[in-house]
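Take a look at the structure set out below.
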Amino acid sequence: MNRLLIRKMIQHSLKDYLWEEENCILTEKEWADLEEKVLRQMQEEDQNEAVYSIIQDVLYTYFTNK
């Protein structure tokens, strides 16, 4: 799956956490880490159709483990 699409889906999901794009303080490394975690989990679970749920799980883990 395209990383740009995954990033846009992550940005959309971040709005659930009341983040706005202009206030997003993620570094390029953090973006790359989140994208990589989503891609890895998609491959492990072999579920391209559950991308939104996977993104939600990755973001939840990201915020709760920080």
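Values in this text are rule-based calculations from the coordinates and carry no lab data. Model, not experiment: these values are computed from the prediction. Ideal geometry is used to build each Cβ from the backbone, glycine not excepted, and the neighbour counts take in all protein chains shown.
So the values come out like this:
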item	result
In nm, spacing of pseudo-spin labels at Gln11 and Asn65 (7 Å Cα→C-beta vector)	2.5 nm
Relative packing of peptides 3-15, 31-43 - highest average C-beta neighbours within 10 Å first	31-43, 3-15
